[in-house]
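The next block holds one structure in the form of structure tokens; read it before the comments.
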Amino acid sequence: MVGRTLWVAGLVLLLCTQQLSASAVTGTLRGVDPALAERYTSKGSSFKCFDGSKSMPHKRINDNYCDCIDGSDEPGSSACWNGRFYCRNRGYEPKVVNSSMVDDGICDCCDGTDEQPGKCMDTCLEAGAAARAELKARTAAAVAGARVRDGYIKRAKIARAEWDAHLKRVDMKHAEQKKKADAAKAKKEAVEAAEKQEREVREAREKVEREEREKAQKEAEAAKQLEESKLSKVEPQDSDSVTSVASSGADQAGAVDTQNLADEVAAASKAANEVAQQQQQEQAAGQAQELDPDEEAKQRLAQWVHSSDEPPVEGAGEGAEEATTAGGDESAAPEAQDDDVEYVGEEDGEEILIHPNEPAPSWWSKGKAWVLSKLQRAPSSSPPEDAETAARTAIKAAFTKEQNKLTELEREKQELERKLGLDLGPEGAFMPLIDRCIEANVDKYTYSVCPFKDAHQKDGGAQTKLGGWSGWESNGSVMSFTNGQGCWNGPARSITVTVVCGQDEALMNVLEPNRCEYIATMTTPAACTPAVLSALQGDITRGEQDVLDHTEL
Ligand code: MAN
């Protein structure tokens, strides 16, 4: 029984060897790619391994023993781990599989040649029919896409002409606007220079005034001390005495009156501001202004504060006159007429008089200095807007306006130059994609690709930049977007989008093969070039030929 089995096995082996030898002779070696057939059939010489490492007689090809390191002597057996088996697959498309798949009991080629005859059915015609149907659909879409592409090209030509013309107009406008902006700038700088000068003068004046005030304060202090030292030496006098200042009472009164003056000056500042505001309103209403606002403010202040010749009294302002001429009876204040004395006010119903040569009471000196400082500061702390200020404001505003117009023109110019400088593909066919974004929903994300601009990954309200336009790759078939949002512990995000011919724009196959590195495919009519069309046409022709070949077999 065993002997019979061995005999049958030997017969099968013999038949196989004969089949292989016959194939070698006829030039149809099993598993050989027709493109490489010549290397296996060269007459008169031996077979040389593809890597050149060995030469051997032809009979050692496909003898089920691996002679070449590169596996080239065994294309039709599984003897070499790295051999390559070619299936012709007539009626469908050829395929190359690893020779380890040869005679393993699994049908890997639709023509079944990877297994022993009779093992597999030839399904190439069916597979080919499905593929050809799909190919025909693709070709029809490509033909339609090519028509759309023609339209894209026309639009691209028109757009380019428009951009060119627009750029010329913007260039001219820009040149004119530049002149206007420069002129406005020169005026504004002149105003700023004047303001700087004025500021320096004002600061210098304020410095002098401050020093004077400090000096006056020191003098007042000195006067007070002198007065106190005098009073401490003088014997108490009766109530008719010429100088009827009770020092302690005067000091208290001084504190009170200084506070009164402070209140009065605050009210005066308010009045000055009101005058300034009123004047602004009148100017706005186009009314002619006769009064200098500073002057008016000062006049209003003067109603509240007396000059150095008219010392203030309790109830200053309207009451001041009543105080000095009470009841119209001059005798009511006889001392006020006395050349030897000076009336400086009243304290508890009693007149306060001093000799001209005597120092004034300290509270008066202090208060006067304080009021004067307020008076000098009032206009600068809230300057009324006069015609000059308004003119300056207008000059600055005019500059801002002209500069803004210039900036807008520059932006417009840059955008046009950018568009004109873009590589929009052969014949500019990708131009219509310039202002478009193509989107796809994948998992929880929406991916958005805006050709020639940027690409984003959106997740609800949040969006992550995958990259900015960086140009074409792979001979104009891949759009590249780089320098997107940084990836935590990784690279800046980037995406490459392979463009393929399609009837309309669609984004598909979005993947993230490496963290923060994305790939996608985009169909677009812009990619339906004549070359793509003729390639598809070629595939159809080859498919048809395959069917013919198959039927002839
Ligand atoms: C986000 C997305 C992902 C990315 C991770 C990286 O979740 O952008 O695509 O892989 O960040 O941290």
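At-a-glance table
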| read-out | value |
| --- | --- |
| Residues whose placed amide H lies under 5 Å from that of residue 466, excluding near-sequence neighbours | 455, 456, 457, 485 |
| Mean separation of Cα contacts under 8 Å (6+ apart) over length of the range 430-528, as relative contact order % | 19 percent |
| Percentage of interatomic Cα-Cα distances in the range 430-528 larger than 16 Å | 51 percent |
| For the range 402-415, Karplus couplings with θ = phi - 60° (6.51, -1.76, 1.60), whole Hz, Gly/Pro x | 5, 5, 4, 4, 5, 4, 5, 5, 5, 4, 4, 4, 4, 5 |
| Where labels lie 7 Å past Cα in the beta-carbon direction, separation of residue 119 and residue 213 in nm | 11.0 nm |
| Net lengthening on full extension, residue 437/residue 203 (0.36 nm per residue, minus Cα-Cα) | 78.3 nm |
| Per-peptide average of other Cβ atoms within 10 Å, ordering 486-497, 73-84, 46-57 highest first | 73-84, 486-497, 46-57 |
| Whole-Hz couplings from phi, Karplus 6.51/-1.76/1.60, listed for the range 488-493; x for Gly and Pro | 4, 6, x, x, 5, 5 |
| Karplus 3J(HN,Hα) series, Hz, for the range 220-230 with 6.51 cos²θ - 1.76 cosθ + 1.60 (x for Gly, Pro) | 4, 4, 5, 5, 5, 5, 5, 4, 5, 5, 5 |
| Inter-centroid distance (Cα atoms) of the range 115-151 relative to the range 27-101, Å | 29 Å |
| Stretchable slack from residue 189 to residue 103, in nm (0.36 nm times residue separation minus alpha-carbon distance) | 21.8 nm |
| Amide H contacts of residue 72 (H built 1.01 Å from N, under 5 Å, at least 5 apart or other chain) | 50 |
| Out-of-range pairs (alpha-carbon distance over 30 Å; input 196/401; 48/119; 154/180; 178/419; 136/419; 187/413) | 48/119; 154/180; 136/419 |
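Just so you know, all these numbers are worked out from the coordinates, no wet-lab data involved. Note that the structure is predicted; figures quoted are calculated from it, not measured. Counting neighbours? That spans all protein chains shown, and the Cβs are built from the backbone with ideal geometry, glycine included.
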